[in-house]
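*Asks:* Pasting a structure below so you can have a look.
The values are calculated or read from the model by the stated rules, or taken from the named source; none is laboratory data. Given the structure is predicted, the values throughout are model-derived calculations rather than measurements. Please note: Cβ atoms are built from the backbone with ideal geometry, for glycine as well, and neighbour counts cover all protein chains shown.
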Amino acid sequence: MTSKSAAPAAGYAVGIRDPRLDFFRGIAMFIILIAHTPGNWLTLWIPARFGFSDATEIFVFCSGMASAIAFGRVFREQGLGMGSARVGFRVWQVYWAHVCLFIAIAATMVVLNAMFPDGDRNYVNQLNLGHFFDRPMENLVGILTLTYVPNYFDILPMYIVILVMMPVMVFLARIHVLLVVAASLAIWLAANFEWLNLPAEPWSERKWFFNPFGWQLVFYTGFALMSGWFRPPPVDKRLFWTAVVIVLVIVPFAYFRIHREVEFIQEWRTEWKFLFAKTEFGILRYIHFLALAYVAWVLVGPKGDYIQPRGDGPFARSWTVILKVIMKVGQQSLAVFIASMYIARILGAIFDQVGMTHFTMLWVNALGFALIILVAYGAGWFKGQPWKKRKA
């Protein structure tokens, strides 16, 4: 991607939603639900099994793009102070969503332990929450101050820290967009050298699993593209096939059924693990994601034309319905993400009770999909504030 302008004032996204953004965010939400459901055989077929990047990159990248749409106009029209206030309000919302999600899941795990005391699962320990219940007063303060961040609950705190950085990035972009590049790369490098991270718990040296100082790179890549700070790469056959080759070459180094059987790949993964580390967002994750994103961007066509329904037959009508559902889930991604983290634990408990067969895998996953779709439409309905509309 190339710099759009070296002028002090960078461009900002107008408040127009790109259908491709909602489509890919919707796809990511379904993948995230699958990935977080314990014992789900569909996890064998999610993108993470075939490459270094996964649905987390999609979610963070698209969140960066969506943030440029949501906050860019405020920064442009009302200034840095009001834009910072708008971001601060979003941080406040995400913070309490994180706190409430933790309390809801922790309480539910206690209930599940009480409901199935003779089962093989200890649901509290399954999420490594024993420390929390051993010293609840101390750890409750840790939850509220984000100094205690259990692994399952680390994505929203990461998102909070990245959002807090936004006014600084916008300020730098007003001076010159290359300052944003320099700052983002410097922070990312510091994270990869393990100079920057945050404590995850008071009783050990463990750090946040999702290091926000590493992951901000992919977020602000999406933010910069949607803000108009940089032009997207052109649609070019050579570039497209180069990206395809990168994606395919990485498959044997990521797919467990291959790399476990090839000794030199195992040795390479052990020696060069930092290149694709998830915590610090290793460089190969970034390269793989950019290649995969470019391929997907080209395949869906300009403005997503190739995924739009064509004709008026049964297939076109069915695809129209499916597309609307996926995009609705993508439009309400924060609400859906929070709900999916909770729903995934319930689905895992259902698997424990009904067993794991082809039939149960089918209907339990279908139940999960139906629930997050219901959440998406419910969140959209509430956001529309129907109580303010007068009846005709």
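*Asks:* With respect to Lys324, is the statement that it is without any contact (Cβ under 8 Å) to a residue 60 or more places away in the chain, farther than 25 Å from Leu44 by Cβ and assigned to a helix (DSSP H, G or I) true?
*Replies:* yes
*Asks:* Kindly establish whether Glu267 is in contact (Cβ under 8 Å) with a residue 24 or more places away in the chain, more than 30 Å from Gly304 (Cβ to Cβ) and of a type outside the set (A, V, I, L, M).
*Replies:* Considered against the rule, which asks whether it is in contact (Cβ under 8 Å) with a residue 24 or more places away in the chain, more than 30 Å from Gly304 (Cβ to Cβ) and of a type outside the set (A, V, I, L, M), Glu267 comes out as no.
*Asks:* So, of the residues in region 320-375 that are under 18 Å from the mean Cα position of the chain (by Cα) and of a type in the set (S, T, N, Q), which turns out to be modelled with the highest pLDDT?
*Replies:* Looking at residues that are under 18 Å from the mean Cα position of the chain (by Cα) and of a type in the set (S, T, N, Q), I get Ser340.
*Asks:* I would also like to ask the following. Take the residues in region 53-104 that are modelled with pLDDT of 95 or more and of a type in the set (Phe, Trp, Tyr); name whichever of them is farthest from Ala173 (Cα to Cα).
*Replies:* Phe102
*Asks:* Would you check if Met158 is more than 30 Å from Gly355 (Cβ to Cβ), at pLDDT below 95 and outside any loop (DSSP other than H, G, I, E, B)?
*Replies:* So Met158 does not fit the description; no.
*Asks:* When you scan region 94-115, do you find a residue that is within 22 Å of Met165 (Cβ to Cβ), part of a helix (DSSP H, G or I) and without any contact (Cβ under 8 Å) to a residue 12 or more places away in the chain, even just one?
*Replies:* Looking through region 94-115, at least one residue is within 22 Å of Met165 (Cβ to Cβ), part of a helix (DSSP H, G or I) and without any contact (Cβ under 8 Å) to a residue 12 or more places away in the chain.
*Asks:* Within region 329-338, identify whether any single residue is touching a Leu at 6+ places or on another chain (Cβ under 8 Å) and closer than 16 Å to Gly39 by Cα, and answer yes or no.
*Replies:* Checked against the condition, which is being touching a Leu at 6+ places or on another chain (Cβ under 8 Å) and closer than 16 Å to Gly39 by Cα, region 329-338 yields no hits at all.
*Asks:* Under 9 Å by Cβ, and 6 or more places apart or on different chains, what pairs join a residue from region 65-82 that is of a type in the set (Asp, Glu) with one that is in a helix (DSSP H, G or I) and surrounded by fewer than 16 Cβ atoms within 10 Å (Cβ to Cβ)?
*Replies:* Close Cβ pairs satisfying both conditions: none exist.
*Asks:* Another question, then. How many residues, within region 307-327, are buried (at least 18 other Cβ atoms within 10 Å of the Cβ) and touching a helix residue (DSSP H, G or I) at 6+ places or on another chain (Cβ under 6 Å)?
*Replies:* Count: 2.
*Asks:* I would also like to ask the following. Kindly indicate which of Leu21, Leu42 is of a type in the set (A, V, I, L, M), over 25 Å from Leu163 (Cβ atoms) and either out of contact with any Leu (no Cβ under 6 Å at 6 or more places or on another chain) or not in a loop (DSSP other than H, G, I, E, B) (or both).
*Replies:* It is Leu42.
*Asks:* Which residue pairs have Cβ atoms closer than 7 Å, lie 6 or more positions apart in sequence or on different chains, and pair a first residue in region 291-310 that is closer than 14 Å to Pro19 by Cβ with a second residue that is at pLDDT below 80?
*Replies:* Within 7 Å, the pairs are Pro309/Ala316.
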